[in-house]
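Peer 1: Got a structure for you, questions after.
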Amino acid sequence: MLKQFLNLKLSQKLSPQQIQLMKLIQLPTQAFEQRLLEEMNENPALEAGKEEDEYEKDEFENEDYDDYDDSESERIEAEDINIDEYLSNDETPDYKTQANNYSDDDEDRESPLAAPVSFHQDLINQLNTFILNDDEREIAEFLVGSIDDMGYIRRSVQDIVDDMAFTQGIYTDEKTVERMLHIIHELEPSGVGARDLQECLLLQLKHKTPTESVALAMDIIENQFEAFTKKHYDKLLQKYGVSQEQLKKGIEEIEKLNPKPGGSYTGSNKMIEHVVPDFAIRIVDGELELTLNGRNAPSLHVSKDYQEMMQTYKDSRDKSAQQKDAVQFIKQKLDSAKWFIDAIRQRQETLFVTMNAIMHYQEEYFLDGDETKLKPMILKDIADMVSLDISTISRVANSKYVETPYGTKLIKEFFSEAMKNDQGEDVSTLEIKKILKNVIEEEDKKKPLPDDQLAEILKEKGYPIARRTIAKYREQLDIPVARMRKKM
């Protein structure tokens, strides 16, 4: 049986320009600058800096070139105008790109840059100090290549033997690999090449100057590792028959060790992210002042040469097919340049009004930096204030940083849900987390507070929160459970 249905569906599609604008809004300062360079390289009609001739700028803003259309051009008849002459000179004359502000006695000086040595390359370089035959060196270098970014070899010796045979054609045995592994364990940083945390800590202790505390620490790691990780200090005291002070010194030796020897290597290949604040908030005469990073507001204009090409074509009477194709190219580039300039202006306005609304919403916090004064604030609160879509506010908050008198902050950190205190007032979850953190910092580390006791303390302070919520906030703050916070 054939049935017919009438289904009305209302859908909203974003134009390509709107999608591009959303992408521009999402870009932080450094990525925006890269996008700007790409656009200028792709569109010769887009130029940096301010126009020298304001009259020409006004003519462009009257959008004379927009009056052109194919139907109009077909009606005009006159002498030929060779637009090819304009299009043939794409290269910028040398004199426009050369600086002329150097004296004859100025020197061209280059600042040498130190090429960083990677973590693995540094280990290979250290191997050169050992006397090894060719087979041993191949095995040792393979082992170095198996070390992860944290400094561990997380594979069994048998797996390494098999892998070398299958992938490198290197045939060896477990005994030889173990012997080469001992050489790897002599390399710096101490602890590199360990198979697990226990071995990593032992390797570092073996490199320390022997003392009574170091010897106790080694014994604990080698024979009582589980008791140590679970912080069963009473068991350790009973096992070794030492005083609390002696055990404390042994534990302190272990706490000085690095559980991730590769992660702290300054020459590693990891990219260091340099945060460039998109905004700055300062306090001037007791009032908040917001500024947008100037790198987000570049001076751009449409090429005067391209405008003149369009005007020349409009003033002509007779157009060849080749000229019509050329002017279509020019018009497309002019349209694209004008749209990009407008999009950047819209981006600037969107960023500024959004951050300005956030700044005034959280005025109490920005005036004195007390995190407990952060008010509950969700994306919709700001979206309603500035009459923008929630997704737009999200794009700004998730990717932008603001420099404040209290440090550079990711904007999304100012957003939080609301919870009721015992007075029925809305308080920010950020405020509760700050108080929870303070309570944990002030606890007796010999008897850390379990989550149910933390819940009771916060309830006494006016925040009735369930134990499971305390556990969730503690995990979000990267604070371990009570047992793991215990200290001697």
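Peer 1: Identify the residues of the stretch 158-200 with backbone N under 17 Å of a label point that sits 7 angstrom from the Cα of residue 150 along the Cα-to-Cβ direction, or state none.
Peer 2: Taking a point 7 Å out along Cα→Cβ of residue 150, the residues of the stretch 158-200 whose backbone N falls under 17 Å are 189-200.
Peer 1: In addition: With every protein chain present, what accessible area does residue 390 have (1.4 Å probe, heavy atoms only), rounded to the nearest 10 Å²?
Peer 2: We get 80 Å² for residue 390.
Peer 1: Just to confirm the filter: which trypsin sites (Lys or Arg not before Pro) across the stretch 17-53 are DSSP coil and have at most 15 other Cβ within 10 angstrom of their Cβ?
Peer 2: Of the trypsin sites (Lys or Arg not before Pro), the ones in loops of the stretch 17-53 whose Cβ has at most 15 other Cβ atoms within 10 Å are 50.
Peer 1: Among 243-250, 137-144, how do they line up by average Cβ neighbours within 10 Å per residue, starting with the highest?
Peer 2: The peptides rank, most packed first, as 137-144, 243-250.
Peer 1: Beyond 21 Å between alpha-carbons counts as too far, so tell me which of 409/437; 373/409; 409/487 fall in that bin.
Peer 2: In this structure, 409/487 exceed 21 Å between Cα atoms.
Peer 1: Would you please classify the overall shape of the stretch 282-389 from the alpha carbon gyration tensor, given that a ≥ b ≥ c denote the square roots of the eigenvalues, rounded means a/c under 1.5, and beyond that prolate means a/b larger than b/c while oblate covers the rest?
Peer 2: Judged from the Cα gyration tensor, the stretch 282-389 comes out prolate (a/c at least 1.5, a/b above b/c).
Peer 1: So what J values fall out for the stretch 286-302 if you push phi through Karplus, 6.51 cos²θ - 1.76 cosθ + 1.60 with θ = phi - 60°, rounded to Hz, Gly and Pro as x?
Peer 2: So the Karplus estimates, Gly and Pro as x, are x, 10, 7, 10, 10, 10, 9, 3, x, 5, 8, 10, x, 8, 10, 8, 7 Hz.
Peer 1: Take the cross-link list 447/472; 400/461; 248/434; 248/412; 304/380 and give me the ones stretching past 32 Å between alpha-carbons.
Peer 2: Violating the 32 Å Cα-Cα cut-off are 400/461; 248/412; 304/380.
Peer 1: Dipole magnitude of the stretch 356-476 about its Cα centre, charges +1 at Lys/Arg Cβ and -1 at Asp/Glu Cβ only, in debye to the nearest 20?
Peer 2: The dipole of the stretch 356-476 has a size of about 480 debye.
The values are calculated or read from the model by the stated rules, or taken from the named source; none is laboratory data. Being a predicted model, the structure only gives us computed values, none of them experimental. Ideal geometry is used to build each Cβ from the backbone, glycine not excepted, and the neighbour counts take in all protein chains shown. Heads up: the accessible areas ignore ligands, DNA and RNA and are worked out on the full protein's heavy atoms, side chains in. Shrake-Rupley method; radii C 1.70, N 1.55, O 1.52, S 1.80 Å.
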